[in-house]
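Here's the structure, in structure tokens; my notes come after.
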Amino acid sequence: MASTLTIDKAAPRRNPGYGSMSRDRAWALKWSYFFLTIFAIFSLVPPLYMLVTSLKSSQEISAATNPWWVFHPTLSNYIQLLTSNQFLTFFFNSAMVSIFVVTITMLISVPAAFALARMRFWGSATLATGVFLTYLIPDTLLFIPLFKMFATFGDWSGIQLINRWYVLLIIYPTLTVPFCTWIMIGYFASIPKELDEAAIIDGASWFQTLTRIFIPVALPGIIAATIFAFTVSWAQFLYPLVFTTSVDQLVLPVGIITTLIKGDVFNWGQIMTGALLGAAPPLIIYAFLMDYYIAGLTAGATKG
Amino acid sequence: MAEVNLRKVVKRYDDVEAVRGIDLDIPDKEFVVFVGPSGCGKSTTLRMIAGLEDISDGDIVIGGDVVNDVPPKDRDIAMVFQNYALYPHMTVAENMSFGLRLKKYPKAEIKQRVDEAARMLDITDLINRKPKQLSGGQRQRVAMGRAIVRNPKVFLFDEPLSNLDAQLRVQMRFEIKRVHQKVRTTTVYVTHDQVEAMTLADRVVVMNNGRIEQVGTPNELYHRPATRFVAGFIGSPSMNFIPCTLEDAAGRLQIRLSDTLAMPVPDQKAAHYRGIARDKKLQLGIRPEHITDAKATLEPGVSAFDALLDVTEPMGMETLIYFNLNGSEVCGRVSPNAGARDGGVLRLAVDLNNMHLIDEGTGLVI
């Protein structure tokens with residue numbers, strides 16, 4: 001062994017030139033993994049707890065056993081929820097609201113972003129900043145005046161919007177449109193100017209430039225904005241809590257809270273099950289769209 | 001195909017005049033190259049012809065029609081951009097046919113035109129690829145193909161070769177010239193590279209500071225520059241400028257370059273320069289190829305002197321030499337066998353038959 005060691009010492013080092021650099025990199029990687037692991041554990045514990053609790057019966061939840069382990073797993077919570085008309089109504093309402101809101105948002109914010117990013121007109125830069133500023137006003141400030149507006153509108157026109165699930169189709173875009181427009185302005189701005197100039201010289205109108213060049217090229221950005229709009233409308237809690245009260249008009253987050261908490265009795269098993277089922281659609285959509293989201297479509301357009 | 005006329009065209013950005021009233025007539029089928037340093041207004045002029053920039057004053061006429069307020073798509077022009085500007089989500093064929101498809105040409109004609117352009121540019125094999133699968137040179141060919149299939153009145157090129165490496169640039173330069181000889185479409189080409197300008201152009205337009213300095217064939221610009229700027233910009237290595245004055249000696253006109261060095265002006269040049277005031281501040285403009293190693297016998301109009309060389313640059317077929325003359329660095333081109341070496345003394349011959357005199361005050365060549 002001793003002789004092998006001396007030979008090793010005499011042999012040239014494997015990474016002569018960039019040894020210190022790779023040491024730096026290894027060090028950086030080690031710490032990244034360390035913090036990423038801590039972060040992953042931190043964010044995965046609540047869903048894990050939800051899963052564990054959703055598989056327990058009420059008796060087991062209230063029993064003084066290890067809360068992180070299921071001793072008698074049962075699907076009764078799932079069966080009860082999925083066969084309850086109420087829960088399915090919440091789910092349906094949530095789906096309708098989210099699908100419509102995403103559609104409305106994209107129909108408004110993509111053309112708006114294109115106009116603000118590309119069709120240089122007087123005040124377009126100020127307007128773009130203005131769009132973003134509207135996003136900065138928190139919904140906790142807005143819900144009272146909004147409620148008052150819809151109430152007054154109802155008194156004045158006789159069209160009652162409050163306590164209808166579709167009132168959310170008007171309210172949510174106030175959150176999603178400014179932010180999605182802002183994302184898309186940034187994305188469109190990253191597309192080389194020569195691309196729309198080439199299209200315009202080729203004879204495309206502004207609308208054709210948008211639909212035939214910008215939307216396909218900016219697809220990753222559009223998908224990012226779609227995911228955002230969907231998440232916001234799926235998870236929004238304050239507005240539906242304020243604007244909808246009848247059980248048949250509720251969306252999922254509010255529905256779970258208002259129907260599964262009776263007085264001071266918390267039906268934890270079903271609450272956790274409902275929350276878990278509610279979190280599933282966004283997860284599935286993320287998983288499906290992630291590939292598109294990451295793909296860089298602009299590669300090759302111009303000198304890279 | 002059509003001619004293009006610029007009449008007193010001005011472009012102002014707020015308070016800055018980028019283009020200061022230029023007049024130019026480009027006849028049908030001509031290949032015109034705009035050349036000049038960055039910021040001289042050449043690209044702005046091209047973009048105004050394209051309709052991508054509004055013009056602040058004057059008229060732009062394409063094929064007899066004033067197009068000042070005509071949108072780009074109705075000007076019947078095609079443009080090739082420096083960074084290619086290919087549509088990244090479309091194949092080569094789709095890129096090339098995009099304009100025709102927008103104009104609702106019949107499918108058969110689109111296919112025929114695309115195939116023909118692809119054959120002309122030797123990209124038939126690439127027709128189904130996406131831009132990101134192509135090399136820089138191939139992308140630029142596609143960009144040219146996109147222009148060719150439209151069969152426009154005017155081709156506009158905005159520094160199309162600047163992103164390519166040196167070897168490819170020479171090859172594409174040849175390609176562009178070949179395509180122009182075939183399609184004979186009026187072409188306006190912008191570059192900052194004077195070699196590109198000289199090799200491609202029927203006529204070169206030298207721009208500086210928002211104005212046209214001179215318009216002429218490559219040879220005219222090279223041999224008869226109108227201003228010091230043109231004289232210095234065209235040609236590589238560029239022309240030498242040496243401060244000098246004129247004086248009379250024994251009834252002959254001679255040019256004084258330093259206290260110790262004066263040379264007789266050749267007779268045919270002397271007749272032209274005789275009227276110039278003797279104390280006027282002038283610059284002698286002489287190209288490096290007219291400063292060579294001295295032969296045993298000197299031709300008429302050639303003067304010889306000894307120079308202390310600062311630096312020599314052997315290029316193989318010739319050696320570039322640099323020496324100091326009355327405070328200016330002067331470049332000459334000598335034979336590789338002349339024995340030039342750094343710090344050595346070499347007897348040089350200056351061929352004043354090819355001299356230019358520049359008025360230092362106005363910058364004009366006299």
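The values are calculated or read from the model by the stated rules, or taken from the named source; none is laboratory data. No experiment lies behind these values; they were computed from the predicted model shown. As a convention, Cβ positions derive from the backbone with ideal geometry for all residues, glycine included, and neighbour counts pool all protein chains shown. Side chains included, ligands, DNA and RNA excluded: accessible areas come from the protein's heavy atoms. Shrake-Rupley method; radii C 1.70, N 1.55, O 1.52, S 1.80 Å.
With all protein chains present, how much of the accessible area of the protein assembly as shown (probe radius 1.4 Å) comes from carbon and sulfur, to the nearest whole percent?
60
Just want to confirm a number: the relative contact order over the stretch B:4-227, from Cα pairs under 8 angstrom separated by 6+ residues, in percent.
It rounds to 30 percent for the stretch B:4-227.
Based on a Kirkwood Rh over C-alpha pairs, give the Stokes-Einstein translational diffusion coefficient of chain A at 25 °C and viscosity 0.890 mPa s in µm²/s. Write out the running numbers ahead of the final one.
Values: Rh = 23.8 Å.
Estimated via Stokes-Einstein, D reaches 103 µm²/s.
Using the Cα centre of the protein assembly as shown as the reference point, and only Cβ charges (+1 on K/R, -1 on D/E), how large is the resulting charge dipole? Debye, rounded to the nearest 20.
I would put it at about 1380 debye.
Lysines near A:K56 by alpha-carbon distance under 28 Å, same-chain residues fewer than 8 away left out - which ones?
A:K262
Please list, ordered by chain and number, the residues whose modelled amide H lies under 5 Å from the amide H of B:D57; skip anything fewer than 5 residues away on the same chain.
For B:D57, whose amide H was placed from the backbone, the distant partners under 5 Å are B:V10.
Which value, in Å², gives the accessible area per residue of the protein assembly as shown when a 1.4 Å probe is used on the protein heavy atoms?
With the other protein chains kept in place, the protein assembly as shown gives 51 Å² per residue.
Over every pair of different alpha-carbon atoms in the stretch B:4-227, take the mean of 1/r and invert it; report that Kirkwood radius in Å.
Roughly 17.9 Å, rounded to one decimal.
For B:K103, list the lysines whose Cα falls under 18 Å from its own Cα; do not include residues on the same chain fewer than 8 positions away.
Candidates past the 8-residue exclusion: B:K73, B:K111, B:K153.
Could you work out how far the C-alpha centroid of the stretch B:130-148 sits from that of the stretch A:150-218, in angstrom?
Spelled out, the Cα-based centre of one part sits 33 Å from the other.
State, to one decimal in nm, how far the label point of A:N85 lies from the label point of A:F42, with both points 7 Å from Cα in the Cβ direction.
Here the modelled spin labels are 4.6 nm apart.
Please average, across the residues of A:202-212, the number of beta carbons from any other chain that are within 10 Å of each residue's own beta carbon, and give a whole number.
Mean shielding by partner chains, rounded to a whole number: 4.
Return the sequence-ordered ³J(HN,Hα) values of the stretch A:237-253 in whole Hz as given by the Karplus equation 6.51 cos²θ - 1.76 cosθ + 1.60 applied to θ = phi - 60°, using x for Gly and Pro.
Residue by residue, the stretch A:237-253 yields 10, 5, 4, x, 4, 7, 8, 10, 10, 5, 4, 6, 9, 7, 9, 3, x Hz.
Tell me what chain A gives for mean residue ellipticity at 222 nm when only DSSP H runs of n ≥ 4 count, each as -39,500 (n - 2.57), the sum divided by the residue total, rounded to 500 deg cm²/dmol.
-23000 deg cm²/dmol
Roughly how much accessible area, to the nearest 100 Å², goes out of reach of solvent when B and A pair up, both sides summed, probe 1.4 Å? Spell out each step's value before the answer.
On the way: alone 17450 and 18900 Å², together 33990 Å².
Chains B and A together bury approximately 2400 Å².
Suppose accessible area is computed on protein heavy atoms with a 1.4 Å probe; arrange B:E17, B:E159 from highest to lowest.
B:E17, B:E159
Given the DSSP H assignment, sum -39500 (n - 2.57) over each helix run of at least 4 residues in chain B and divide by its residue total; what's the result at 222 nm in deg cm²/dmol, nearest 500? Spell out each step's value before the answer.
On the way: 9 runs with 93 residues, N = 366.
After summing the helix terms and dividing by residue count, I get -7500 deg cm²/dmol.
What's the longest bit of chain A with no exposed chymotrypsin sites (Phe, Trp or Tyr not before Pro), using DSSP loop states and at most 16 other Cβ atoms within 10 Å as the test?
Numbers: sites that count: A:Y18, A:W68, A:W69, A:F71, A:F121, A:W122, A:Y166, A:F237.
Maximal segment without exposed cleavage sites: A:167-236.
Hey, with R₀ at 41 Å, roughly what FRET efficiency would B:S56 and A:S190 work out to, going by the Cβ-Cβ distance, to 0.05?
0.85
Just how far, in whole angstrom, is the stretch B:4-25 from the stretch B:313-355 if you go by their alpha carbon centroids?
First find each Cα centre; the distance between them is then 42 Å.
Tell me, what ³J(HN,Hα) does each residue in the stretch B:227-234 have, in order and in whole Hz, if you take phi through Karplus 6.51 cos²θ - 1.76 cosθ + 1.60 with θ = phi - 60° and put x for Gly and Pro?
In residue order, the calculated couplings are 10, 4, 4, 5, 4, x, 7, 8 Hz.
If one takes the longest principal axis of the Cα atoms in chain B, at what angle in degrees, from 0 to 90 and to the nearest 10, does the Cα axis of helix B:166-183 lie?
60
If R0 is 35 Å, what FRET efficiency do you get for B:T362 and B:N324 from their C-beta distance, rounded to 0.05?
On the way: r = 27 Å, r/R0 = 0.76.
With R0 = 35 Å, the Cβ-Cβ based efficiency is 0.85.
On the first, second and third principal axes, largest extent first, how far apart are the outermost C-alpha atoms of the stretch A:17-74 in Å?
Principal axes ranked by extent give 65, 16, 15 Å for the Cα atoms.
Can you give the extra length, in nm with one decimal, that the chain gains between B:R224 and B:E299 once fully stretched, where that is 0.36 nm per residue apart less the Cα-Cα distance?
24.8 nm
Less than 20 Å apart at the alpha-carbon level, and either on another chain or at least 8 residues along: which lysines does that give for B:K281?
List returned: B:K269.
What are the ³J(HN,Hα) values, in whole Hz, obtained from phi via the Karplus relation 6.51 cos²θ - 1.76 cosθ + 1.60 with θ = phi - 60°, for each residue of the stretch B:36-45 in sequence order, with x given for Gly and Pro?
x, x, 4, x, 7, x, 5, 5, 4, 4
Could you please state, rounded to a whole Å, how far the C-alpha centre of the stretch B:198-265 is from the C-alpha centre of the stretch B:51-88?
Result: 35 Å between the Cα centres.
Please give the residues from the stretch B:102-142 for which the solvent-accessible area of heavy atoms, probe 1.4 Å, is smaller by at least 30 Å² with all protein chains in place than with the chain isolated.
Correct list: B:L102, B:K132, B:R139.
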